[in-house]
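Enquirer: Take a look at the following structure, please.
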């Protein structure tokens, strides 16, 4: 691949206090969350909402497994009903 073709594969997402994972495949989630949470911490966010969807729980399990191991995370819980209920997770950054 040439440098220009590699740039075409880069997905740029805005750094906000929430992220919707619906457009990402399960294999991309861990590396995406690692980079995303690092950027959130740089921006000074104390908590972020990770929208993984309700479905079969595959993405939720991947997200929770990642968050349990991440040194960036203080704690996490499912979102309240008005923020997505069990279709989203609220992560509290260290």
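Enquirer: Search the range 45-64 for residues that are on the phi > 0 side of the Ramachandran plot and pair each with any residue that is at pLDDT below 95 and in a loop (DSSP other than H, G, I, E, B) when their beta-carbon atoms are under 6 Å apart and the residues are at least 6 apart or on different chains.
Expert: From residues that are on the phi > 0 side of the Ramachandran plot, the pairs are 53/22.
Enquirer: When the residues of the range 1-18 are filtered to those that are surrounded by 11 or more Cβ atoms within 10 Å (Cβ to Cβ) and out of contact with any helix residue (DSSP H, G or I) (no Cβ under 6 Å at 6 or more places or on another chain), which remaining residue is modelled with the lowest pLDDT? Quick ask: steps written out before the conclusion?
Expert: Of the range 1-18, the ones surrounded by 11 or more Cβ atoms within 10 Å (Cβ to Cβ) are 13, 15-18.
This time we only want the ones that are out of contact with any helix residue (DSSP H, G or I) (no Cβ under 6 Å at 6 or more places or on another chain), so: 13, 16-18.
Values: 13: 67, 16: 91, 17: 94, 18: 95.
So, considering only residues that are surrounded by 11 or more Cβ atoms within 10 Å (Cβ to Cβ) and out of contact with any helix residue (DSSP H, G or I) (no Cβ under 6 Å at 6 or more places or on another chain), the one modelled with the lowest pLDDT is 13.
Enquirer: Can you give me the number of residues within the range 37-76 that are within 14 Å of residue 18 (Cα to Cα) and in a strand (DSSP E or B)?
Expert: Count: 6.
Enquirer: Would you be able to tell me the number of residues in the range 47-64 that are exposed (fewer than 12 other Cβ atoms within 10 Å of the Cβ) and either closer than 14 Å to residue 80 by Cα or touching a strand residue (DSSP E or B) at 6+ places or on another chain (Cβ under 9 Å) (or both)?
Expert: Here the count works out to 0.
Enquirer: Continuing with this model, one more query. Consider residue 71 carefully, then state whether it is exposed (fewer than 13 other Cβ atoms within 10 Å of the Cβ) and either within 22 Å of residue 14 (Cβ to Cβ) or modelled with pLDDT of 95 or more (or both).
Expert: Numbers: exposed (fewer than 13 other Cβ atoms within 10 Å of the Cβ): yes; either within 22 Å of residue 14 (Cβ to Cβ) or modelled with pLDDT of 95 or more (or both): yes.
Spelling it out, residue 71 is indeed exposed (fewer than 13 other Cβ atoms within 10 Å of the Cβ) and either within 22 Å of residue 14 (Cβ to Cβ) or modelled with pLDDT of 95 or more (or both).
Enquirer: Can you tell me which residues in the range 69-94 are within 18 Å of residue 35 (Cβ to Cβ) and touching a strand residue (DSSP E or B) at 6+ places or on another chain (Cβ under 8 Å)?
Expert: 72, 73, 76, 89, 91, 93, 94
The values are calculated or read from the model by the stated rules, or taken from the named source; none is laboratory data. These figures come from a predicted structure and were not determined experimentally. Heads up, the Cβs are rebuilt from the backbone with ideal geometry, glycines too, and the neighbour counts pull from every protein chain shown.
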